[in-house]
1. How about the range 1-23: which of its residues are modelled with pLDDT of 95 or more and surrounded by 10 or more Cβ atoms within 10 Å (Cβ to Cβ)?
2. Quick test of your reading of the structure: Ile47 fulfils all but one of (1) exposed (fewer than 13 other Cβ atoms within 10 Å of the Cβ); (2) closer than 18 Å to Lys5 by Cβ. Name the failing condition by number.
3. Return the residue satisfying two criteria in turn: it lies in the range 24-44 and is exposed (fewer than 12 other Cβ atoms within 10 Å of the Cβ) and assigned to a loop (DSSP other than H, G, I, E, B), and of such residues it is farthest from the chain's Cα centre (by Cα).
4. Search the range 21-37 for residues that are within 13 Å of Ile9 (Cβ to Cβ) and pair each with any residue that is at pLDDT 95 or above and part of a loop (DSSP other than H, G, I, E, B) when their beta-carbon atoms are under 8 Å apart and the residues are at least 6 apart or on different chains.
5. If you check Glu58 against the conditions, is it outside any helix (DSSP H, G or I) and either out of contact with any His (no Cβ under 6 Å at 6 or more places or on another chain) or among the basic types (Lys, Arg) (or both)?
Amino acid sequence: MSEIKKFKIEKQKNVNIRIPIRVTPEMYEEISKTAKENNVSMNSLIISCIRYALDNKE
């Protein structure tokens, strides 16, 4: 089992494929707040979350 890395939010570049997603109102608020606190777009935050999940799946 590999070591789980610390989650890091990074600004994303060259992102041009669109996929629609649906989230709960509570999740939307949390994503929005976290993005603002880290001075990144919601898109960059979501991509960072997806990348982290994919890199750390079992």
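The values are calculated or read from the model by the stated rules, or taken from the named source; none is laboratory data. No experiment lies behind these values; they were computed from the predicted model shown. Every residue, glycine among them, receives a Cβ derived from its backbone with ideal geometry; neighbour counts consider all protein chains shown.
1. Listed by number, the list holds a single entry, Val23.
2. All conditions pass for Ile47, except number (1).
3. Thr24
4. Qualifying pairs under 8 Å: Ile31/Val23.
5. On the way: outside any helix (DSSP H, G or I): yes; either out of contact with any His (no Cβ under 6 Å at 6 or more places or on another chain) or among the basic types (Lys, Arg) (or both): yes.
When the stated conditions are applied, Glu58 passes them.
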